[in-house]
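Some notes on the structure that comes next.
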């Protein structure tokens, strides 16, 4: 090795150290970063089921996302492309359901920042004529799990001072 190659080796070594250290930013104690969640969430999903967790038998949920009963969401296709402009297409039959209806949404993964909680899936409904920047109301769900085939989102609900969850179980469409 000659002397002229030492500066190049030093620069490459420094670069590798910086890249390996910076890739760990955003991960809080081993949990996925918001960017990792976003990558895992994007795609097309079908809502397989909606389960109740920590719900007393006396409680029921009349509507989800101020839209329809939870049963109407089962079978819906959630299109979550990389650009954040997605849609929910309803499929379920029922008295209060609207099979074939499409709800446009804007989605993202909310990053609360270090030590302020875990990233969450968030979306807001966009009606015809609306600009996403003018819509201030939306929804956040806890990101429980996402891989190449499944995704689980949990919607926290306050049940008279106790926490309950609606658990949304998705399967990726191929």
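The values are calculated or read from the model by the stated rules, or taken from the named source; none is laboratory data. The structure displayed is predicted, hence computed values, not measured ones. Cβ: placed from backbone, ideal geometry, glycine included. Neighbour counts: every protein chain shown.
Say whether the condition of being in a strand (DSSP E or B), under 17 Å from the mean Cα position of the chain (by Cα) and over 20 Å from residue 46 (Cβ atoms) is met by at least one residue in the stretch 74-90. Scanning the stretch 74-90 turns up no residue that is in a strand (DSSP E or B), under 17 Å from the mean Cα position of the chain (by Cα) and over 20 Å from residue 46 (Cβ atoms).
The residue that is modelled with the highest pLDDT, counting only those in the stretch 31-67 that are within 15 Å of residue 147 (Cβ to Cβ) and assigned to a helix (DSSP H, G or I), is 41. Applying the condition of being over 21 Å from the mean Cα position of the chain (by Cα) and surrounded by fewer than 16 Cβ atoms within 10 Å (Cβ to Cβ) to the stretch 49-60 and asking which residue is nearest to residue 127 (Cα to Cα) yields 60.
On the given criteria, is residue 77 over 16 Å from residue 63 (Cα atoms) and buried (at least 18 other Cβ atoms within 10 Å of the Cβ)?
On the way: over 16 Å from residue 63 (Cα atoms): yes; buried (at least 18 other Cβ atoms within 10 Å of the Cβ): no.
Considered against the rule, which asks whether it is over 16 Å from residue 63 (Cα atoms) and buried (at least 18 other Cβ atoms within 10 Å of the Cβ), residue 77 comes out as no.
Counting the residues of the stretch 137-174 that are in contact (Cβ under 8 Å) with a residue 40 or more places away in the chain and either buried (at least 16 other Cβ atoms within 10 Å of the Cβ) or touching a strand residue (DSSP E or B) at 6+ places or on another chain (Cβ under 7 Å) (or both) gives 18. In the stretch 138-147, is there at least one residue being touching a helix residue (DSSP H, G or I) at 6+ places or on another chain (Cβ under 9 Å) and not in a strand (DSSP E or B)? Yes, there is a match, as at least one residue in the stretch 138-147 is touching a helix residue (DSSP H, G or I) at 6+ places or on another chain (Cβ under 9 Å) and not in a strand (DSSP E or B).
As for the stretch 21-30, it holds no residue that is assigned to a loop (DSSP other than H, G, I, E, B) and modelled with pLDDT of 90 or more. Looking across the stretch 116-136 at every residue that is touching a helix residue (DSSP H, G or I) at 6+ places or on another chain (Cβ under 8 Å) and either in a strand (DSSP E or B) or at pLDDT 95 or above (or both), the one that is surrounded by the most Cβ atoms within 10 Å (Cβ to Cβ) is identified as 121. Restricting attention to the stretch 105-115, the residues being part of a strand (DSSP E or B) and over 14 Å from residue 66 (Cα atoms) number 5.
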